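Just below is one structure, and these are the notes that go with it.
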Amino acid sequence: GAASHGPFSNLPGIDRTLPVIKGNGQILTVGDAMPGTLATGTAPVSCRGDTPTAARLTAGEITDLNVMTRSNRFRHALLHVSTSMSCEFGDDDTAVVLSLDGATRVVAGQDRVTLDHGDAVLIDRATTADFHIEPAANNCYLIWLKAQQSP
């Protein structure tokens, strides 16, 4: 979460994606782009960790989700899950389901798990072809990870 204004840490070689999950938002300035408002319900912002980025809170503290991966190791994609959905891996290697409100049920083959607030489950394509997410409320995130080839 963020309680104050200021610049983000300089993180070379890191890709980050940032949605606000609670609170009234922030004005985010990323590099030379025009500042934009990032609030609960708006699309997340993605940027490189070494791009100068600064935030200014608009109405009190917020809680954000900061997904970060090393760009030479993984590519990530973030999806907000608000209704039940079936998921297939495609080109991705790993999925992380994060429950942020209530109980989220995840079904993968014969395995079933219920995630409470703040719980996450890691699902690997090597052992599971597809899975189903049933969020109790509309505050669940799915993070897809794909391993990058070493140079």
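The values are calculated or read from the model by the stated rules, or taken from the named source; none is laboratory data. Fair warning: this is a prediction, and the values are worked out from it, not measured in the lab. All Cβ positions, even for glycine, are placed from backbone atoms using ideal geometry, and neighbour counts span all protein chains on display. Please note that ligands, DNA and RNA were not included when accessible areas were found on the heavy atoms of the full protein model with its side chains. Shrake-Rupley method; radii C 1.70, N 1.55, O 1.52, S 1.80 Å.
Between ASN72 and HIS5, the FRET efficiency from the beta-carbon distance, with R0 = 25 Å, is close to 0.20.
Quick one: net charge of ILE21's neighbours, Cβ under 10 Å, K/R +1, D/E -1? Working shown, then result.
Details: positive: LYS22; negative: ASP64, ASP101.
Net local charge, ILE21 excluded: -1.
Which value does Rg/Rh take for the range 32-116 over its C-alpha atoms, Rh per Kirkwood? My calculation of the ratio gives 1.00.
Calculate, for ASP119 and THR37, the FRET efficiency according to 1/(1 + (r/R0)^6) with r their C-beta to C-beta distance and R0 22 Å; round to the nearest 0.05.
Working: r = 29 Å, r/R0 = 1.34.
Result of the calculation: an efficiency of 0.15.
Against the criterion of solvent-accessible heavy-atom surface with a 1.4 angstrom probe, HIS80, HIS5 sort, most first, into HIS5, HIS80.
Per 0.36 nm of contour for each residue apart, how much would the distance between ASP130 and GLN110 grow if the chain were fully extended, relative to their Cα-Cα spacing?
Numbers: separation 20, 0.36 × 20 = 7.20 nm, distance 1.13 nm.
Length difference between fully extended and current span is 6.1 nm.
For the chain, the dipole from Cβ point charges (+1 on Lys and Arg, -1 on Asp and Glu) about the Cα centre works out to 340 debye, to the nearest 20.
Global size of the chain: 16.3, 49 Å for Rg and Dmax (C-alpha atoms, Rg to one decimal, Dmax whole).
What percentage of the solvent-accessible surface of the range 112-151, computed with a 1.4 Å probe over protein heavy atoms, is contributed by carbon and sulfur atoms? Please list the in-between numbers first.
On the way: 1160 of 2490 Å².
Its accessible area is 47 percent carbon and sulfur atoms.
Per-residue surface analysis assigns ASP130 an accessible area of about 80 Å², computed on protein heavy atoms at 1.4 Å probe radius. Among residues other than CYS140 with Cβ under 15 Å from its Cβ, the summed charge is -2 (Lys and Arg +1, Asp and Glu -1).
Among the trypsin sites (Lys or Arg not before Pro) within the range 57-151, those in coil by DSSP and having at most 16 neighbouring Cβ atoms inside 10 Å are ARG73. Positive end of the dipole of the chain (Cβ unit charges, origin at the Cα centre): among VAL97, THR83, SER9, the Cα lying farthest that way belongs to SER9.
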